[in-house]
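See structure below.
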Amino acid sequence: MTDTPVLPMSKRELLGLIGKTAGASAMYMAMTSMGQAQTSPFKGPIKLEGDVKGASVLILGAGVAGLVAALELSRAGYKVQVLEYNGRVGGRSWTLRGGDSFTELGGITQRCDFAPGNYINPGPWRIPYNHYGIMHYCMELGVALEPFMQLNYNAYVHSTKAFGGVPQRYRHIQADLYGGLSELLAKAVNKNALADSVTNEDAELLMQALRGWGALDKDYRYVKGQGSSSRRGWTKGPGGGLSAEPIPSDPIAFTDVLRSGLWRSVGVSLSNDHQTNIFQPVGGMDMVARGFEKEVGKYVRLNSKVVAIRQGEKGVTVDYEDTKTGEKLKASADWCLCTIPLSILSQIEMTVGDEMAAAIRAVPYEASVKVGIEFKRRFWEQDEQIYGGISYTDLPISQISYPSTRFGDKGPGVLLGAYSFGTFAYEYTTLPPAERVARTVEWGSQIHKQYKSDYRNGISVGWHRVPWTQGCFGNWSDEARAEHYKNLCAIDGRILLAGEHASFIPAWQEGGITSSLDAIGRLHQRVLAS
Amino acid sequence: MKIATLSLALAGLVAVGSFSAMALAQVRSEPAAAAANALNTVKEGDADGAFVQNGKFAEPTGAAMYKRVCAGCHMPNGEGAKGAGFYPALTKNEKLAAGAYPAFVILKGMNGMPPIGRSMTDQQIADVVNYVRTSFGNKYRDKVTAADVAAMH
């Protein structure tokens with residue numbers, strides 16, 4: 001084989017770069033096998049048929065897992081009661097609008113000053129089409145959905161370490177990555193370098209595929225011209241009339257694309273949980289909870305803090321306190337479905353067997369921060385032609401998500417100015433809320449210079465400071481899942497658990513809903529058999 | 001076969017490009033977070049090490065680590081917090097009597113508390129343990145060392 005360079009960078013450099021990503025690739029495979037990329041197991045509406053003999057179920061937590069259980073169990077004839085810590089239903093399925101306030105652990109209260117119609121969803125914010133469970137309940141409960149702009153080719157990908165910190169359009173990086181890769185592979189095929197893995201017949205097909213996928217020219221090159229500009233956009237786009245002739249744009253050198261690391265952000269939307277169609281409820285994610293509330297709100301007791309869960313031969317008794325009055329109360333039922341996050345449940349006195357108790361203690365809760373910022377105007381639309389979608393950055397804000405609705409609105413607009421995980425999220429959380437907002441504006445202004453002049457107000461939620469979850473979601477390790485997951489989901493006497501933590505779709509509402517349906521299905525069999 | 005190797009490696013790159021820090025962030029194990037963020041750095045963090053690099057804490061002292069990381073839950077003066085559950089206060093906390101205990105909890109996690117020490121060096125863990133054990137009314141003189149922490153892995 002020849003050593004002819006195929007790239008304007010040495011092979012050593014290139015392989016070094018690839019090596020840096022190999023660990024991530026291996027982990028992605030592990031993650032996929034964990035279930036992240038699987039579609040929902042939801043198989044249509046649950047049918048709980050048969051005589052439930054007047055059985056009663058006490059449901060702890062009125063997030064989507066608790067609400068779906070209340071709906072289906074009450075329909076099947078069970079007596080249900082729901083205890084909820086907050087003064088509203090929905091749990092993490094939550095929306096902050098103008099006039100709302102939020103008091104985090106540590107005691108600081110933020111008031112949301114957004115203009116009417118503006119909001120952020122501090123928790124879940126997207127509903128993929130293949131999350132069939134939550135899709136089913138949105139349709140059934142009349143929760144109006146609209147498209148969530150997951151992928152916007154005109155939004156930015158940004159690295160403080162690449163292109164002098166100048167944000168790049170997603171379409172440029174994506175087109176030039178695919179084009180560069182295709183050209184390189186075409187060269188390898190032409191040099192017969194893939195002879196041991198591709199037959200001659202397949203090689204011809206591969207060449208066709210590469211030309212199409214990478215927008216290569218007739219000589220299998222990715223160069224300035226019609227092909228590349230039809231993907232990445234033109235310097236001057238085609239129009240009508242005398243001055244209509246388009247001017248092609250210059251692709252970025254492949255080595256610069258690779259070294260920028262920006263290809264990392266290309267393809268988020270390829271993941272099965274982010275593919276189009278993906279939706280959001282019109283008006284805010286809490287519309288899902290409100291849809292359930294119309295049906296089962298009458299069973300829910302708000303402002304109820306669970307302090308102990310005890311079971312005996314014949315039933316379950318829960319001690320709880322009214323968070324407004326301090327009154328100590330008890331609730332009893334034949335069965336208990338507990339959807340309290342494990343971060344909280346692990347601190348509540350509970351009579352369950354050793355296996356479930358160990359499982360409850362086995363799941364750490366991930367850090368995450370969201371910051372909503374309101375601006376005087378939608379400068380991202382008016383100045384930069386960005387209508388919804390997400391920009392990605394290596395700044396601590398990680399992402400900027402532009403609103404997917406009310407395009408062209410002349411009034412103030414709210415964008416999600418930060419959505420961080422990992423160590424940045426821990427560090428973000430320690431900042432006082434006002435400083436979180438100020439830093440978000442500072443960082444965001446590196447991508448949109450209008451941030452400072454057009455800023456109006458902001459609100460932030462650091463999930464480890466949320467009093468009723470102490471974290472964002474249950475972050476199972478593979479080892480903990482292997483040892484404890486089945487014990488967490490099994491019925492322990494008269495108690496069983498549900499929630500995103502009892503699913504293979506952590507952090508998504510679909511995990512909570514499908515775990516709840518699975519749990520009540522098993523509970524129902526137990527009741528019929530008893 | 002150098003070019004063939006290289007081309008196949010590039011095909012792998014396409015697969016790598018199909019996920020992002022964000023997709024990973026939705027669900028991932030701790031090592032995934034570190035790997036995905038290996039290049040995810042910012043030019044300038046804060047002077048005390050915060051916001052330098054995602055996936056790895058860069059706080060150089062125990063005091064800085066406590067203030068910029070631990071205080072998110074245990075609060076700025078170690079007072080803890082109470083809601084539906086609680087964050088234990090670290091003020092005059094008897095569980096800090098043996099330095100190995102907080103070091104172990106930081107490294108391995110405890111209930112909902114993540115094994116946050118995986119994003120710290122052994123020295124950083126020792127430093128923050130020593131800081132907490134001599135702050136907030138705690139007066140434990142003996143020190144935990146990086147070697148002590150290393151033995152717990």
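Here, each number is a calculation from the coordinates, and none is a lab measurement. All values derive from a computational prediction rather than experimental measurement. Here the Cβ is made from the backbone with ideal geometry for all residues, glycine too, and neighbour counts use every protein chain on show.
Odds and ends about this structure:
- Cβ-based exposure ranking for A:L342, A:L141, in which fewest neighbours within 10 Å come first: A:L141, A:L342
- Neighbour-count ranking [beta-carbon atoms within 10 angstrom, fewest first] of A:I348, B:I106, A:I505: A:I348, A:I505, B:I106
- Stretch gain in nm, segment B:A151-B:K139, where the contour uses 0.36 nm per residue and the Cα spacing is subtracted: 1.9 nm
- Surrounding net charge for A:L177, when Lys and Arg each add one and Asp and Glu each subtract one, Cβ distance under 13 Å: +3
- Here the simple spin-label model places points 7 Å from the Cα toward Cβ, and for B:M110 and A:D113 these points are separated by 4.0 nm.
- Pairwise label distance in nanometres, B:E94 with A:W213, each label 7 Å out on the Cα-Cβ vector: 6.4
- For chain A: span of alpha carbons on each principal axis (Å, largest first): 78, 58, 42
- FRET efficiency, A:K486 to A:Q382 (Cβ-Cβ, R0 60 Å, nearest 0.05): 0.65
- Selected from A:M350, A:G241, A:L141, residue furthest toward positive end of dipole (chain A; charges at beta carbon): A:G241
- Degrees, to the nearest 10: A:509-529 long Cα axis against longest axis of chain A: 40
- For region A:38-172, the gyration tensor built on C-alpha atoms gives an oblate shape. Its axis ratio a/c (a ≥ b ≥ c) is at least 1.5, and a/b is not larger than b/c.
- Dipole moment magnitude, nearest 20 debye, chain A about Cα centre, only Lys, Arg, Asp, Glu C-beta charged: 880
- Straight-line cross-link partners of A:K410 among the lysines, defined as a Cα under 24 Å from its Cα and at least 8 positions apart when in the same chain: A:K376, A:K449, A:K452.
- Rounded to 0.05, the FRET efficiency of the A:A529 and A:T317 pair, given R0 = 25 Å and the Cβ-Cβ distance, is 0.60.
- In this label model, A:L329 and A:R75 are separated by 2.7 nm, measuring between points 7 Å along each Cα→Cβ vector.
- Cα-based helix-to-principal-axis angle, A:64-75 vs chain A, degrees rounded to 10: 50
- Over region B:42-150, volume per residue of the alpha carbon convex hull, in Å³: 101
- Close Lys-Lys pairs in region A:134-268, where close means Cα under 27 Å and separation is 8 or more or interchain: 7
- For region A:118-154, backbone nitrogen atoms closer than 17 Å to the point 7 Å from A:T405 Cα along Cα-to-C-beta are found at A:118-128, A:138-139, A:141-150.
- Summarised in one figure, the compactness ratio Rg/Rh of region A:93-208, Cα atoms and Kirkwood Rh, is 1.21.
- C-alpha long axis of helix A:170-190 to longest principal axis of chain A, angle in °: 60
- Aspartates and glutamates with Cα under 15 Å of B:K67, excluding same-chain neighbours fewer than 8 positions away: A:E427, A:E435, B:D46, B:D48, B:E59, B:E79, B:D127
- Annotation for region A:77-119 versus region B:80-97: alpha-carbon center distance of 26 Å.
- Seen from A:H524, the other residues with C-beta closer than 13 Å to its C-beta sum to a net charge of 0, counting Lys and Arg as +1 and Asp and Glu as -1.
- Farthest toward the positive end of the dipole of the protein assembly as shown, out of A:L96, A:N190, A:C472, is the Cα of A:L96, where the dipole comes from beta carbon charges about the Cα centre.
- Cross-link pairs exceeding 19 Å in C-alpha to C-alpha distance, out of B:K56/B:K95; A:K47/A:K294; B:K56/B:K108; A:K305/A:K328; A:K328/B:K82; A:K305/B:K95, comprise B:K56/B:K95; A:K47/A:K294; A:K305/B:K95.
- Comparing A:P251, A:L60, A:Q525 along the charge dipole axis of chain A, the residue lying farthest to the positive side is A:P251, per the Cβ-charge model.
- DSSP-defined antiparallel bridges as percent of all bridges, chain A, nearest 5: 70
- Charged side chains reduced to their Cβ positions (Lys and Arg at +1, Asp and Glu at -1) give region A:168-260 a dipole of some 420 debye around its Cα centre.
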